[in-house]
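Asks: There's a structure below that I have some questions on.
Derivation of every value follows stated rules applied to the coordinates shown; laboratory data play no part. This structure is a prediction, so every number in the text was calculated from the model and none was measured. Here the Cβ is made from the backbone with ideal geometry for all residues, glycine too, and neighbour counts use every protein chain on show.
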Amino acid sequence: MVGTPDLDRINSELGTRPQALLDWAHGLGGKAIVTTNFGPFAAVLLHMVTRVQPQIPVLMVDSGYGTEATYRFADELTRLLRLNLHTFVPARTRAMREALEGGIPGPDDPRHAAFTREVKLEPFGRALAQMQPQLWFTALRKDQTEFRASLQPVTLSREGILKVSPVFHWSSQQMNQYLKQHQLPNNFDYYDPTKAEDKRECGLHVAH
C-alpha cells in the first residue's frame, strides 16, 4: 500500500457503494483485517469482505460476557463462511475479575472506564500490535450512534490504519435485505457489557 489516498474524494465517489468501496480498498494491497462482534447483521460485512479476500484475518475481542447465542452464532458463521478467526481476550478471566471486583459497573460508575479498558480496549490494542494491519474493515453505520453519524465511510485511525466501513450509509432494512438475498443467519441475542444501553459507544471506535 503506497501513500495516503484522497479520503474526501473516495468518500464522495465510493462512500455509498459498498462493493465499489471494498474493491477499491482491496486493490490497495495493504495487510487487512476485518473486525466483528458477531452481533446483529454481523454476517453482512463478513460475507462481503470474504468474497473479495477469503482468508482475511477476522478479529473478535471476546470480553467474556457474550451470550450463549452469540458464541453459537460465531461458531456457525465461522463454519459457514470459513472465517480465518482470531480471538483476543482480556488478561484476566471473567471469573477472576468478578471474584476480586464484583459484577459489571454501570455506565455512571467511576470504575466503568477501567472495566472497558480491561475487557475491550486492551485486548484490541494488543491485537493491533500483533497483527499490524494497514487496512481495517468495520461494520460501522452512521445510524448506530450520534458519534458514528459524525464519521465518514473511510477514515484514518489514530494509529494511521485506513479504516473502511463499506455499509456506513446502509439502514437496518438494507442490512436485512442483504441477509435474505444471500441466505445468511442473524443474531439479535447480543450483549456488550461496555455499552450497557443502546446508542452508547463502547469506546473502541472513539479510541481508534
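Asks: Relative contact order of segment 59-196, please, whole-number percent, based on alpha carbon pairs below 8 angstrom and at least 6 residues apart. Provide the component values of the computation, followed by the final result.
Replies: Numbers: 145 pairs, mean separation 40.1, N = 138.
It rounds to 29 percent for segment 59-196.
Asks: Which residue, chosen from Leu121, Tyr65, Pro107, occupies the Cα position most advanced towards the positive end of the dipole of segment 46-155, where the dipole is computed from +1 (Lys, Arg) and -1 (Asp, Glu) charges on Cβ about the Cα centre?
Replies: It is Leu121.
Asks: Note down the nm distance, to one decimal, between modelled labels 7 Å out along Cα→Cβ at His169 and at Ala69.
Replies: 3.2
Asks: Treat every Asp and Glu Cβ in segment 1-138 as -1 and every Lys and Arg Cβ as +1, leave all other atoms uncharged, and give the resulting dipole magnitude about the Cα centre to the nearest 20 debye. Walk me through the numbers on the way to the answer.
Replies: Details: 14 positive and 14 negative charges, 70 e Å.
It works out to roughly 340 debye.
Asks: Another question, if that's okay. How much length is gained on full extension from Thr87 to Arg51, taking 0.36 nm per residue of separation minus their Cα-Cα distance?
Replies: Stretched fully, the Thr87-Arg51 segment lengthens by 10.9 nm.
Asks: By how many degrees, between 0 and 90 and to the nearest 10, does the Cα long axis of helix 68-81 differ from the longest principal axis of the chain?
Replies: Value to nearest ten degrees: 30.
Asks: Looking at segment 4-100 from every direction and averaging, what is the projected area of its Cα convex hull in nm²?
Replies: In nm², the orientation-averaged hull projection of segment 4-100 is 8.1.
Asks: Further, regarding this structure: For Ser150 and Asp189, compute 0.36 nm times the residue count separating them, minus their Cα-Cα distance, and round to one decimal in nm.
Replies: 11.3 nm
Asks: Using Cα-Cα distances under 8 Å and only pairs 6 or more residues apart, what relative contact order does segment 56-113 have, in percent?
Replies: 41
Asks: Between Ser157 and Ala114, what is 0.36 nm times their sequence separation minus the Cα-Cα distance? Round to one decimal in nm.
Replies: Full-extension gain reported as 13.3 nm.
Asks: For segment 79-128, state what percent of all Cα-Cα pairs lands in each successive 10 Å bin, counting from 0 Å until the bin that includes the largest distance.
Replies: Going from the shortest bin to the longest, the percentages are 23, 42, 24, 11, 1.
Asks: Okay, moving on. May I ask which residue of Gln144, Gln130, His182 lies farthest towards the positive end of the charge dipole of segment 52-188, with charges of +1 (Lys, Arg) and -1 (Asp, Glu) on Cβ and the Cα centre as origin?
Replies: His182
Asks: On to the next question. Run the Debye formula on the Cα coordinates of segment 31-75, all scatterers equal and no solvent, and tell me log10 I(q)/I(0) at q = 0.25, 0.30 1/Å.
Replies: -0.94, -1.17
Asks: Quote the charge dipole size of segment 71-208 about the Cα centre in Debye, to the nearest 20; the model charges only the Cβ of Lys and Arg (+1) and of Asp and Glu (-1).
Replies: 400
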